Amino acid sequence: MSDNDMLYAVADGVATITFNRPDKLNALTPAMLGQFFAHVDAAAADPAVRVIVITGAGRGFCAGLDLAVIGSGVGGKGVGAPPPTAPRPAPQWGDDIGPDMGRFFAGGWNGLITSRKPTIAAINGPVFGWGFILSLHCDIRFAARSALFNATFARLGIPGEKNAAWLLSRLIGTARSADLLYSARRFDGAEAERLGIVNAVLDDDALMPHVAAYAANIVANSAPRSLAAIKAQIWTAQDDCYDQGFIASDLEQDRATQTQDFREGITSLRDKRAPAFKGN
């Protein structure tokens, strides 16, 4: 892997992680995945980061696992995972905020979920296989009109890898997920929006400005601690009964009302000004 195959930058509260093999439609190598997960961990631990954006360089988001890797006989299990001895930075927010997310193993693919920070996939072109699954691990997806989607697994003789079936069924239901996974057909951004896979489709040149403005709005107006709790609520909601969710939300509400950010939120609303949240 070239040192430049994965890019990481932090500016104005937003961490941007970019797949950077445009000549290969950003197809993933094991080393790239390991670096990607490390960048997600770094963003999760950094108090200066409020939102994480993932995108691709050139005309594609990510074409999935590089065919050269697939042809080598390297299986999906463990590919891209950091070495067992590699230290991981502690995330800024833990399970003392919001519902317990211990059901999601930490790091690796689930790092996008357990980061407790909003994750946005800016899908700027083709997104296939593992690239598609990575986008499903994000909270929000925006797509360019040129984007093409494909869950290729059945045509490769493999199941829905990396929890693809769970993620997709949770998002759009079992029947629509079955269609996409059984047929392994390609579909465009307009259909992805209609199915509910992406939040919106934008002209290609409008995608990144839209994502930047969307992320900036979250940074400016949403309390970091609230975002951490809400993210946990969203990802655990469908697995909990109503009573469990209600009790957890009341408990977190009691904790939140003791924070400086809560007082700042009330004061800024009363003063009709933008809030200045500090994350405490």
Residue set Leu180, Leu227; condition surrounded by 15 or more Cβ atoms within 10 Å (Cβ to Cβ), touching a Phe, Trp or Tyr at 6+ places or on another chain (Cβ under 9 Å), touching a residue at least 24 places away in the same chain (Cβ under 8 Å) and under 30 Å from Ile247 (Cβ atoms); output residue Leu227
Picked from region 37-70 (must be farther than 12 Å from Leu25 by Cα and among the acidic types (Asp, Glu)), the residue farthest from the chain's Cα centre (by Cα) is Asp46
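Okay, residues lined up against (1) buried (at least 16 other Cβ atoms within 10 Å of the Cβ); (2) in contact with a Pro (Cβ under 7 Å, 6 or more places away or on another chain); (3) in contact (Cβ under 8 Å) with a residue 40 or more places away in the chain:
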site	(1), (2), (3)
Cys138	yes, no, yes
Phe142	yes, no, yes
Ser146	yes, no, yes
Arg155	no, no, no
Ala164	yes, no, no
Ala175	no, no, no
Ala184	no, no, no
Met208	yes, no, yes
Condition check: within 25 Å of the chain's Cα centre (by Cα) and touching a residue at least 60 places away in the same chain (Cβ under 8 Å). Does Ala216 satisfy that? yes
Open item on the list: Take the conditions surrounded by 19 or more Cβ atoms within 10 Å (Cβ to Cβ) and in contact with a strand residue (DSSP E or B) (Cβ under 6 Å, 6 or more places away or on another chain) and apply them to Ala215. Does it pass?
Closed with: yes
Within region 256-280, the residues that are surrounded by fewer than 11 Cβ atoms within 10 Å (Cβ to Cβ) and among the β-branched types (Val, Ile, Thr) are Thr257
task: Go through the residues of region 225-239 one by one and say whether even a single one is part of a helix (DSSP H, G or I), of a type in the set (S, T, N, Q) and more than 30 Å from Leu134 (Cβ to Cβ).
output: no
Counting only residues that are in contact (Cβ under 8 Å) with a residue 12 or more places away in the chain and out of contact with any strand residue (DSSP E or B) (no Cβ under 9 Å at 6 or more places or on another chain), region 8-22 contains a total of 1
*asked:* Can you confirm whether Val198 is in the same structural domain as Ala144 (by TED's automatic domain parsing), in a loop (DSSP other than H, G, I, E, B) and in contact with a strand residue (DSSP E or B) (Cβ under 7 Å, 6 or more places away or on another chain)?
replied: yes
So, first residue on the phi > 0 side of the Ramachandran plot in region 23-39, second residue in a helix (DSSP H, G or I) and not basic (Lys, Arg), Cβ within less than 9 Å, six or more apart or across chains; the pairs are Leu25/Gly131; Asn26/Met32; Asn26/Gly131
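The values are calculated or read from the model by the stated rules, or taken from the named source; none is laboratory data. Bear in mind the structure is a predicted one, so any value in this text is a computation, not a measurement. Reconstructed Cβ throughout: ideal geometry from the backbone, glycine too, with neighbour counts over all protein chains shown.
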